[in-house]
Amino acid sequence: MPPAITPSALDLIGNTPLIALDRAHPGPGRILAKAEFMQPGGSVKDRAARAILLAARADGRLVRGAPVVEMTSGNMGAGLAVACAALGHPLVVTLSAGNSPQRARMLEALGAEVVLVPQVDGLPGQVTGADVAAAAEEAGRLARERGGFYVDQFHASEGVGIHRDTTGPEIWAQSGGRVDAWVASVGTGATFLGVAAALRARNPQVVCAAVEPDGCRPLAGEPVTKPRHVLQGTGYGSVPPHWDPGLMDLAVSVTDDEAAHWRRLLAIREGLHVGYSAAANVCAAAALLASGRLPADAVAVTVLCDTGLKY
Ligand SMILES: Cc1ncc(COP(=O)(O)O)c(C=O)c1O
């Protein structure tokens with residue numbers, strides 16, 4: 001039974017189900033996936049959004065009623081919009097024009113002021129590191145102009161912390177401590193790093209695999225040859241500021257075609273309509289389980305980052 005009354009949308013964040021993907025991946029091994037798309041903002045970023053705002057309010061960086069400003073690929077913006085609505089802050093987001101138009105519409109529907117920033121070298125649906133840098137610069141400028149709190153998700157430490165303190169322990173408890181591998185794509189790296197740290201603290205043998213778009217693999221130490229890809233929200237072509245190479249055992253690459261194939265498979269076999277990074281995560285988990293690196297009955301845990309309704 002859920003609690004009789006949930007005080008606010010903030011309380012809908014976290015404690016997501018861990019779903020067995022036995023129909024999309026009958027074996028070898030088993031894939032379990034955190035259903036982060038079920039949160040009120042529709043993605044894994046709700047956790048970081050809430051954590052960063054609550055920390056800033058607690059230490060006085062964000063005062064009552066002050067504006068919040070952030071650059072987003074859409075998901076952080078949605079998480080912030082949910083948290084800002086519940087906490088009483090206006091929200092201004094800068095968004096590269098290359099992100100799906102659905103994202104801008106959702107943010108506006110949630111009450112955010114959306115500023116679209118023209119793409120530098122990407123294409124619609126394919127946002128590059130340079131596109132993100134341009135949107136971030138505009139966010140910083142607007143924050144100064146409006147006297148707002150600049151979230152700066154790539155540098156905020158609360159993102160990694162919240163996944164270490166909530167998502168990781170949830171996975172450990174829900175799986176009964178049976179985790180052989182952790183597989184996740186990387187935007188800011190908060191999800192991958194926080195969960196990897198929590199799982200490694202409980203079992204140092206857990207194999208941690210980062211997921212990168214084919215041709216855009218800085219974590220694997222390769223030069224970026226294809227900065228454009230469909231894994232929106234991840235794979236920006238550079239190593240994120242909080243990156244800890246000691247938490248990564250290997251980096252698995254996924255092509256756009258593979259991500260599209262697994263996205264369809266998850267929809268028609270599991271009834272789960274999710275985004276491209278979620279599909280890439282499952283694709284990479286299946287590849288890792290099939291690679292022979294893990295025992296035949298291994299459990300790989302991954303994350304369904306966002307809902308497919310955003311694309
Ligand atoms: C769709 C999607 N997948 C994955 C991620 C990666 O999350 P993180 O920033 O925790 O690395 C993001 C981040 O915005 C995202 O929007």
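Please state which of the following conditions ASN15 fails to meet, knowing it meets all the rest: (1) within 21 Å of CYS283 (Cα to Cα); (2) surrounded by fewer than 19 Cβ atoms within 10 Å (Cβ to Cβ).
(1)
For ARG269, only one of the following conditions fails: (1) touching a helix residue (DSSP H, G or I) at 6+ places or on another chain (Cβ under 9 Å); (2) more than 20 Å from PHE192 (Cβ to Cβ); (3) not small (Gly, Ala, Ser). What is its number?
Result: ARG269 passes all but (1).
Only residues that are within 14 Å of the ligand (Cβ to nearest atom) and in a helix (DSSP H, G or I): list them for the range 251-261, please.
ALA259
What residue, of ARG57, ARG23, ARG61, is over 30 Å from GLN119 (Cβ atoms), in the same structural domain as GLY176 (by TED's automatic domain parsing), of a type in the set (D, E, K, R) and more than 14 Å from the chain's Cα centre (by Cα)?
Of ARG57, ARG23, ARG61, the one residue that is over 30 Å from GLN119 (Cβ atoms), in the same structural domain as GLY176 (by TED's automatic domain parsing), of a type in the set (D, E, K, R) and more than 14 Å from the chain's Cα centre (by Cα) is ARG23.
For the range 216-226, indicate whether the set of residues that are buried (at least 18 other Cβ atoms within 10 Å of the Cβ) and within 27 Å of PRO17 (Cα to Cα) is non-empty.
Looking through the range 216-226, none of the residues is buried (at least 18 other Cβ atoms within 10 Å of the Cβ) and within 27 Å of PRO17 (Cα to Cα).
Residue by residue, here is whether (1) in the same structural domain as ILE31 (by TED's automatic domain parsing); (2) modelled with pLDDT of 95 or more; (3) of a type in the set (Ser, Thr, Tyr); (4) surrounded by fewer than 24 Cβ atoms within 10 Å (Cβ to Cβ) holds:
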position	(1), (2), (3), (4)
ILE171	yes, yes, no, no
GLY176	yes, yes, no, yes
ASP180	yes, yes, no, yes
SER185	yes, yes, yes, no
LEU193	yes, yes, no, no
ALA201	yes, yes, no, yes
VAL207	yes, yes, no, yes
ALA210	yes, yes, no, no
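Would you mind listing the helices (runs of 4 or more DSSP H) fully within the range 147-209 where at least 1 residues are near the ligand (Cβ under 9 Å from one of its atoms) and of a type in the set (A, V, I, L, M)?
Answer list for the range 147-209: 158-162, 190-202.
Can you name the residue in the range 227-243 that is away from the ligand (no atom under 11 Å from the Cβ) and surrounded by 13 or more Cβ atoms within 10 Å (Cβ to Cβ) and is also modelled with the highest pLDDT among such residues?
Going through the qualifying residues, I end up with VAL239.
Could you list, ordered by first residue, the pairs with Cβ atoms under 9 Å in which the first is in the range 225-247 and at positive phi and the second is of a type in the set (S, T, N, Q) and more than 11 Å from the ligand (Cβ to nearest atom), at least 6 apart or interchain?
Here the result reads GLY237/THR128, each pair linking the range 225-247 to a residue that is of a type in the set (S, T, N, Q) and more than 11 Å from the ligand (Cβ to nearest atom).
With the structure loaded, tell me whether MET71 is within 14 Å of the ligand (Cβ to nearest atom), outside the structural domain of VAL230 (by TED's automatic domain parsing) and farther than 21 Å from TYR236 by Cα or whether it fails that test.
Judged against the criteria, MET71 is not a match.
Collect the residues in the range 94-129 that are free of Cβ contacts under 8 Å to residues at least 12 places away in the same chain and either under 20 Å from THR188 (Cα atoms) or not charged (D, E, K, R) (or both), keeping them in residue-number order.
Listed by number, the residues that qualify are PRO101, ALA109.
What do you reckon, is VAL252 closer than 22 Å to GLU36 by Cα, in contact (Cβ under 8 Å) with a residue 60 or more places away in the chain and within 16 Å of the chain's Cα centre (by Cα)?
no
Within the range 277-311, how many residues turn out to be touching a strand residue (DSSP E or B) at 6+ places or on another chain (Cβ under 9 Å), within 13 Å of the ligand (Cβ to nearest atom) and either farther than 26 Å from GLY79 by Cβ or not in a loop (DSSP other than H, G, I, E, B) (or both)?
Of the residues in the range 277-311, 13 are touching a strand residue (DSSP E or B) at 6+ places or on another chain (Cβ under 9 Å), within 13 Å of the ligand (Cβ to nearest atom) and either farther than 26 Å from GLY79 by Cβ or not in a loop (DSSP other than H, G, I, E, B) (or both).
The values are calculated or read from the model by the stated rules, or taken from the named source; none is laboratory data. What you see is a predicted model, and the numbers here were worked out from it, not measured in a lab. Cβ: placed from backbone, ideal geometry, glycine included. Neighbour counts: every protein chain shown.
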